[in-house]
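Derivation of every value follows stated rules applied to the coordinates shown; laboratory data play no part. None of these values were measured; they are calculated from a predicted model. Cβ atoms come from the backbone with ideal geometry, glycine included; neighbour counts cover every protein chain shown.
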Amino acid sequence: MLEESIKCSLCASEKTDFFFEDKFRPYNRCRNCSLIFVTPEFHVSREREKSRYEEHNNDPDDRGYRDFLERITLPIKDKFDPPARGLDFGCGPTTLLADILSEKGFEMDVYDLFYQPDTSVLEKKFDFIVTTEVVEHLAKPLDVFEMLLSMLKPNGMLAVMTRLHDDSIDFKTWHYKNDPTHICFFSVETFEWLSARLGVEHRRVESDIYVFAQLVE
């Protein structure tokens, strides 16, 4: 009996291969878009996901944490002047990033599946959207990227923070994979595929920060 092929959780290609397995779960890699992903049967429950988030030490009074988030505001400040409107998508239990941008004069909204679940926010249009340490948690990443880009005004920008994998990383010892809520791992090649699929420009700002913007016609 032939084994059922495993589809990529981003591009839905069946050109996927076993990549690695630890004591918790196997990982597969897509030959089409280069995403490394975990199949749905190894995804944690919503309850476990939320409890994991609450283990994080995201203290808004922590200078290091504030500096960590401040980096993603740089491409926003370079492109937009206050009071441009923005959304922090997947803000988590604090609104620190939105607060930082508000302090700079931007008008901010927040959304989070667990902590700020008002979906009416997702019906608005924004000049920019920031999402930090979110996309690695997505079961259907393409759907979310399409939704976020559809929420941008003309000439808008989506700024994404996530750790990227590449061939220089020893996946076996890579700490980023050890979080059970991390189920997809992007690379430069993955974001190149994604920007082509979505018809947008993309630019790497820092090692873990990418920005996406509509193509100017």
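A few notes on this one:
- Extension gain, Asp166 to Arg66: 0.36 nm times the residue separation minus the Cα-Cα distance gives 33.3 nm.
- Label point 7 Å beyond Cα of Asp22 along Cβ direction - residues of segment 125-165 with amide nitrogen under 13 Å: none
- Within the chain, percent of DSSP bridges classed antiparallel, to nearest 5: 60
- Annotation for segment 50-64 versus segment 101-168: alpha-carbon center distance of 19 Å.
- Anisotropy class of segment 18-75 from Cα gyration tensor, a/c 1.5 cut: oblate
- Computed over segment 19-214, the P(r) curve from all C-alpha pair distances, binned at 10 Å from the origin, holds 8, 36, 38, 17, 2 percent per bin.
- Candidate cross-link partners of Lys124 among the lysines, defined by an alpha-carbon separation under 23 Å and a same-chain spacing of 8 or more, comprise Lys77, Lys79, Lys104, Lys140, Lys153.
- Inter-site label distance for Leu122 and Thr39 at 7 Å from Cα along Cβ, in nm: 2.7
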